[in-house]
Amino acid sequence: MTMQPHQSGITLENIDLTLGSNAARVHVLNDISLKIQSGESVGIVGPSGSGKSTLLMVLAGLEKVDSGQVLISGERIDRMSEDQAAAFRGRNIGIVFQSFHLIPNMTALENVAVPLELAGRDDAFVVAEQALKSVGLGHRLSHYPAALSGGEQQRVAIARALAPRPAILIADEPTGNLDSETGNQIADLLFSKQEEYGLTMVLVTHDPSLAARCGREIQVRSGRIHSDPVSGKSHTHEETVQAEAAQ
């Protein structure tokens, strides 16, 4: 049984992942090892195509690895079937995407409540309403996504991610589709919720100011961790060039 203080910790050990086939085969993640402590906020940065979003999908159990171990809250998610991983994710991991992923013909309330209903919650609509109020959208419950601003749509997505009270929140470019002022408001919301709920939070972002707000910043390049202040890992430019040339 996992010890309580480590319930929302994340450990990756020697992760390798290749996508595509034959000539189009690409080594996306190369020998990635990473530990994220319970309650930590981590920003993952790197150039486009560096593998940072794929790394986030591995953390969420949405992408199967070729080799290595993925432990989330003490559970080997890499060994789970798709159905098992989906059920585990529903209980433990909230996910926020850049493009919101709201269902257009459902109201804000329905967008948050339906995943809870599918998970078997009898109080889905009560919990969804509370979640929307907690992100400042108590007055927009019956609005459809098309009637909401980008910032409001992302608030709905955050409410949906947090409604099941997961221990871990994963966000892929959560401010990427928003203007800077709205993006700052969404960032404020994410960090206030992280503190309020004691979440382990992992963000992929191109925004240096957002990454700098995290307790730790990890740089990914060419499918490898280029620098990580906790591990002390920091590759030279020459090492990075050699790694890129080897792929």
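In the stretch 103-136, what residues are open to solvent by 30 Å² or more (accessible area, probe 1.4 Å) and of a type in the set (A, V, I, L, M)?
First, pick out the residues of the stretch 103-136 that are open to solvent by 30 Å² or more (accessible area, probe 1.4 Å): 103-106, 109-110, 114-115, 117-123, 125-126, 129-130, 133-134, 136.
Hits for the stretch 103-136 are ILE103, MET106, LEU109, VAL114, LEU118, ALA119, VAL126.
Which residue is nearest to the chain's Cα centre (by Cα), if the candidates are limited to the stretch 31-42 and must be surrounded by fewer than 18 Cβ atoms within 10 Å (Cβ to Cβ) and assigned to a strand (DSSP E or B)?
If we take residues in the stretch 31-42 being surrounded by fewer than 18 Cβ atoms within 10 Å (Cβ to Cβ) and assigned to a strand (DSSP E or B), then LYS35 is nearest to the chain's Cα centre (by Cα).
Exactly one of (1) assigned to a helix (DSSP H, G or I); (2) open to solvent by 30 Å² or more (accessible area, probe 1.4 Å); (3) more than 25 Å from GLY9 (Cβ to Cβ); (4) of a type outside the set (Gly, Ala, Ser) is unmet by VAL156. Its number?
(2)
Among the residues of the stretch 60-80, write down those that are open to solvent by less than 20 Å² (accessible area, probe 1.4 Å) and under 13 Å from ASP16 (Cα atoms). Full working, then the answer.
Step one: of the stretch 60-80, the residues open to solvent by less than 20 Å² (accessible area, probe 1.4 Å) are 60, 70, 72-73, 77.
Selection gives VAL70 alone.
Looking only at residues that are surrounded by 21 or more Cβ atoms within 10 Å (Cβ to Cβ) and of a type in the set (Gly, Ala, Ser) in the stretch 81-102, which one is nearest to the chain's Cα centre (by Cα)?
GLY94
Say we look at the stretch 180-236 and pick out the residues that are hydrophobic (A, V, I, L, M, F, W, C) and open to solvent by 20 Å² or more (accessible area, probe 1.4 Å); which of these is modelled with the lowest pLDDT?
Looking at residues that are hydrophobic (A, V, I, L, M, F, W, C) and open to solvent by 20 Å² or more (accessible area, probe 1.4 Å), I get VAL230.
In the stretch 159-190, what residues are assigned to a loop (DSSP other than H, G, I, E, B), under 17 Å from the mean Cα position of the chain (by Cα) and not aliphatic (A, V, I, L, M)?
First, pick out the residues of the stretch 159-190 that are assigned to a loop (DSSP other than H, G, I, E, B): 163-167, 173-179.
Adding the requirement that they be under 17 Å from the mean Cα position of the chain (by Cα) leaves 163-167, 173-177.
Result: PRO164, ARG165, PRO166, GLU173, PRO174, THR175, GLY176, ASN177.
Considering only the stretch 138-191, state which residues are hydroxyl-bearing (Ser, Thr, Tyr) and over 29 Å from ILE36 (Cβ atoms). Even if it seems obvious, please write down each step before you answer.
Keep residues of the stretch 138-191 that are hydroxyl-bearing (Ser, Thr, Tyr), which gives 142, 144, 149, 175, 180, 182.
Selection gives SER142, TYR144, SER149.
Taking only the stretch 143-153 into account, find how many residues are part of a helix (DSSP H, G or I) and in contact with a Lys or Arg (Cβ under 9 Å, 6 or more places away or on another chain). I'd like the intermediate steps shown before the answer.
Narrowing the stretch 143-153 to residues part of a helix (DSSP H, G or I): 145-147, 150-153.
Next, from what is left, pick out any that are in contact with a Lys or Arg (Cβ under 9 Å, 6 or more places away or on another chain): 147, 152.
So the answer is 2.
From the list GLY46, GLY61, which one is small (Gly, Ala, Ser), in contact (Cβ under 8 Å) with a residue 24 or more places away in the chain and under 18 Å from ALA161 (Cα atoms)?
When all the criteria are applied, what remains is GLY61.
The values are calculated or read from the model by the stated rules, or taken from the named source; none is laboratory data. Quick caveat: nothing in here was measured; it's all calculated off a predicted structure. Every residue, glycine among them, receives a Cβ derived from its backbone with ideal geometry; neighbour counts consider all protein chains shown. Note: accessible area is taken over every heavy atom of the protein model, side chains too, but ligands, DNA and RNA are not part of it. Shrake-Rupley method; radii C 1.70, N 1.55, O 1.52, S 1.80 Å.
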